[in-house]
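Q: To start, I am sharing the structure in question, which I have written as structure tokens.
Every number in this text was worked out from the coordinates using simple rules, so none of it is lab data. It should be emphasised that the depicted structure is a prediction, and the values quoted were computed from it without experimental measurement. Every residue, glycine as well, gets a Cβ built from its backbone with ideal geometry; the counts of neighbours run over all protein chains shown.
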Amino acid sequence: MIVLGIETSCDETGIALYDTARGLLADTLYSQVAMHAEYGGVVPELASRDHIRKTTPLIQETFARAGIGFRDIGGVAYTAGPGLIGALMVGAAIGRALAWSLGVPAVGIHHMEAHLLAPLLAEPRPKFPFIALLVSGGHTQLVAVDGVGRYRTLGESIDDAAGEAFDKTAKLLGLPYPGGPALAALAQAGTPGRFQFPRPMTDRPGLDFSFSGLKTAALTAIRALGSEASPADKADIACAFEAAVVDTLIIKCRRALEATASTQLVMAGGVAANQRLRAALAALDASVFYPPPQLCTDNGAMIAFAGAQRLTAGQREPLAISTRARWPMDELGIPHG
Ligand code: KG4
Ligand code: ZN
């Protein structure tokens with residue numbers, strides 16, 4: 001079955017065609033980053049309007065690249081949540097309508113489930129069950145993945161997500177949006193050890209995270225330097241911040257692996273593109289799966305793939321189009337018809 005995947009939950013329009021027999025046929029991505037950069041963050045209404053402009057042309061381009069026609073697909077998958085409600089509605093309405101017009105089934109996909117299953121699109125592939133570290137702009141979660149739709153949240157952030165902490169700290173350092181990659185690049189020039197930031201919530205049992213205090217620690221360090229903060233000072237602060245986030249994530253990953261006696265760890269979400277995190281995870285006593293960076297950040301391929309899993313299991317969306325800004329992953333069932 002060939003599935004069209006549509007991702008419009010935030011500031012990226014991602015379209016892909018995935019074939020259950022042949023794998024990924026084609027994918028296209030349009031990032032709105034340049035448009036939002038002027039405002040220092042995603043402006044929801046601008047995001048929705050841009051998805052309206054880009055989704056249909058990108059769908060046409062994806063079909064052209066794959067060399068197939070609309071009639072060749074067996075279903076449509078679109079991100080139904082969580083995310084910006086207006087942005088979600090664009091992809092959902094276009095996807096649902098297209099499926100209806102072609103007489104094929106549609107399925108609404110949970111964005112984080114798609115991130116979680118994305119590593120199965122790359123080689124080498126993890127096998128169920130595995131532990132997933134989901135680190136994106138909106139979520140930080142450790143999830144036990146027993147199969148498609150069989151997820152147990154082991155721990156999550158009680159405040160800022162890891163990516164959010166990267167973005168906010170980058171802003172404090174005067175870096176452009178999106179801050180994560182910019183902060184990571186600056187950190188490379190920093191001197192490790194000059195600043196020491198805490199490893200939040202690692203001194204007590206449990207798998208939850210808290211990253212908002214790290215942003216405050218960075219702010220305190222910047223203020224202590226006053227107007228004197230040089231580019232080298234900023235690089236040192238970026239380096240200390242990144243080390244604290246990476247260390248904290250590693251400590252919790254190790255705990256999650258031990259608590260569940262798991263031997264496989266999968267990384268997903270935008271922050272999983274971070275090179276220092278990747279290098280640190282390699283030292284864990286487990287097989288670690290790192291999908292290529294383009295599968296870590298938002299994309300259409302992961303939606304098409306998750307959609308294929310659910311559609312082939314018989315799951316169908318009614319004609320009513322529903323999207324959810326908030327959607328706890330534990331509410332996701334195993335695929336059903
Ligand atoms: O998964 P994603 O593309 O979108 C969401 O669903 O949130 O994740 C985006 C997040 C942003 O916070 C961005 O700053 C962060 O991932 N990010 C990084 C890196 N690349 C992206 N954070 C740290 N280091 C990176 N190299
Ligand atoms: Zn995402």
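Q: Mind checking which lysines have their C-alpha under 30 Å from K54, skipping anything on the same chain fewer than 8 residues away?
A: Candidates past the 8-residue exclusion: K168, K171.
Q: Now, a different point. Can you give the local net charge around T263? Use residues other than it whose beta-carbon is closer than 15 angstrom to its beta-carbon, Lys and Arg +1, Asp and Glu -1.
A: +1
Q: Charges on Cβ only, +1 for Lys and Arg, -1 for Asp and Glu, centred on the Cα centroid of the chain; of A259, L295, A272, which one is farthest towards the dipole's positive end?
A: So the residue we want is A259.
Q: Still on this structure, please answer the following. Please state the charge dipole magnitude for the chain, taken about the Cα centre, from unit charges on C-beta atoms (+1 on K and R, -1 on D and E), reported in debye and rounded to the nearest 20.
A: The dipole of the chain has a size of about 320 debye.
Q: By how many nm would the segment from D203 to A97 grow when fully extended, if each residue of separation counts as 0.36 nm and the alpha-carbon distance is taken off?
A: 33.0 nm
Q: Which FRET efficiency value, to the nearest 0.05, do you get for D159 and A261 by plugging their Cβ-Cβ distance into 1/(1 + (r/R0)^6) with R0 = 25 Å?
A: Calculated value: 0.25.
Q: If you don't mind, another one. Add +1 for every Lys or Arg and -1 for every Asp or Glu among the other residues with Cβ under 9 Å from the Cβ of A26, and state the total.
A: -1
Q: Whole percent per 5 Å bin, from 0 to the bin with the longest distance: what is P(r) over all C-alpha pairs of segment 81-226?
A: 2, 8, 12, 16, 15, 15, 13, 8, 5, 3, 2, 1, 0
Q: Using 7 Å Cα-to-Cβ label points, what is the R194/L284 separation (nm, one decimal)?
A: 3.1 nm
Q: In deg cm²/dmol, rounded to 500, what helix-only [θ] at 222 nm does the chain give when every DSSP H run of at least 4 residues adds -39500 (n - 2.57) and the total is split over its residues?
A: That calculation yields -13000 deg cm²/dmol at 222 nm.
Q: Report the Cα centroid-to-centroid distance between segment 212-285 and segment 52-76 in angstrom, as an integer.
A: Centre-to-centre distance over Cα atoms comes out at 39 Å.
Q: Quick one: putting +1 on the C-beta of Lys and Arg, -1 on the C-beta of Asp and Glu, what dipole do you get for segment 109-157 around its Cα centre, in Debye to the nearest 20?
A: Roughly 120 debye, rounded to the nearest 20.
Q: Report, in cubic angstrom per residue, the convex hull volume of the C-alpha atoms of the chain.
A: Here the figure is 124 Å³ per residue.
Q: In percent, how large is the relative contact order of segment 138-260, given Cα pairs closer than 8 Å and 6 or more residues apart?
A: Relative contact order for segment 138-260 comes out at 29 percent.
Q: Which order do the peptides 249-259, 208-218, 156-166 come out in when sorted by mean C-beta neighbours inside 10 angstrom, highest first?
A: Packing proxy ranking, top to bottom: 156-166, 208-218, 249-259.
Q: Run down the aspartates and glutamates and flag those whose C-alpha is under 15 Å from the C-alpha of K252, throwing out any fewer than 8 positions away in its chain.
A: E156, D203, D208, D285
Q: Still on this model: Normalised by the number of residues in segment 234-312, what is the relative contact order in percent for Cα pairs under 8 Å and 6+ residues apart?
A: Worked out over segment 234-312, it gives 28 percent.
Q: Hey, another quick one. At 0.36 nm per residue, minus the direct Cα-Cα distance, what do R125 and E45 gain on full extension? Give it in nm, one decimal, please.
A: This chain segment gains 25.0 nm when fully extended.
Q: From Cα pairs below 8 angstrom and at least 6 apart in sequence, can you work out the relative contact order of the chain, rounded to a whole percent?
A: The normalised contact order for the chain reaches 25 percent.
Q: Additional query: For segment 137-216, what D do you get in µm² per second when you plug the Kirkwood radius from alpha-carbon pairs into Stokes-Einstein at 37 °C and 0.692 mPa s?
A: D, rounded to a whole number, is 231 µm²/s.
Q: About the Cα centre of segment 185-238, how large is the charge dipole given +1 on each Lys and Arg Cβ and -1 on each Asp and Glu Cβ? Please answer in debye to the nearest 20.
A: 60 debye
Q: Grab the eigenvalues of the alpha-carbon gyration tensor for segment 280-337, scale each by 5, take roots, and send me the semi-axes largest first in whole angstrom.
A: 29, 14, 14
Q: Along the charge dipole of the chain, Cβ charges K/R +1 and D/E -1, which of G149, I94, I321 sits furthest on the positive end?
A: Projecting each Cα onto the dipole axis, the largest value belongs to G149.
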